[in-house]
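The values are calculated or read from the model by the stated rules, or taken from the named source; none is laboratory data. This is a predicted model, so every value here is computed, not measured. Counting neighbours? That spans all protein chains shown, and the Cβs are built from the backbone with ideal geometry, glycine included.
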């Protein structure tokens, strides 16, 4: 399991991990949208809840994730589960089906850095590219003039999101304490990946088996 708060760099690390280790990348949100688009039984049930503005019940999402994890490619290559589970009940439900990560990687970033990363983010509505006013500023004044900020990228909203994330992580982390590796997520993306890469390489040497990973 790789867990990272908003702006912790988890998306970048998921990409680097799946690229090097050829894992099956499973993002619960993408899975949900795909099931709805395909009109599957689970997708139809999920759509009913979403149209009412309600959260999709755990049991429906668990079944979607379980079905994807049960596919031959997941069993052969190993998997990286991104964005799920987000609670101990979800993690326990997956374990009941026999799915447990080999490693829990926690991207640990101080709150003030996370807030700074999020509040400084800007979107270019023309190209869809994300900039940061400090760390990755726009190339021209023309681009700078059209940048927009997401409505929930304010300091107040970010702190609320971080509070919710931290509560969720604590409940899941308690189940995987024996396989947890903390990584300083405030380092450069290359240094963060080097530490994750080292942990995964050691794991493969020990197990000599396909990886099972989950991200939240």
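All conditions in (1) touching a helix residue (DSSP H, G or I) at 6+ places or on another chain (Cβ under 8 Å); (2) under 19 Å from residue 85 (Cβ atoms); (3) at pLDDT below 90; (4) assigned to a helix (DSSP H, G or I) hold for residue 50, with the sole exception of (2). Residue 1 meets each of the listed conditions (1) surrounded by 15 or more Cβ atoms within 10 Å (Cβ to Cβ); (2) out of contact with any strand residue (DSSP E or B) (no Cβ under 8 Å at 6 or more places or on another chain); (3) modelled with pLDDT under 90; (4) within 22 Å of residue 104 (Cα to Cα) apart from (2). Taking strands (runs of 3 or more DSSP E) as the structural unit, those lying wholly within the range 56-151 and holding at least 3 residues that are under 18 Å from the mean Cα position of the chain (by Cα), closer than 23 Å to residue 191 by Cα and touching a residue at least 24 places away in the same chain (Cβ under 8 Å) correspond to 78-82, 104-108. Checked against the criterion of being free of Cβ contacts under 8 Å to residues at least 60 places away in the same chain, in a helix (DSSP H, G or I) and under 18 Å from the mean Cα position of the chain (by Cα), the candidates 205, 170 yield just one match: 170. Only one entry in 158, 181 is closer than 26 Å to residue 85 by Cα and surrounded by 17 or more Cβ atoms within 10 Å (Cβ to Cβ), namely 158.
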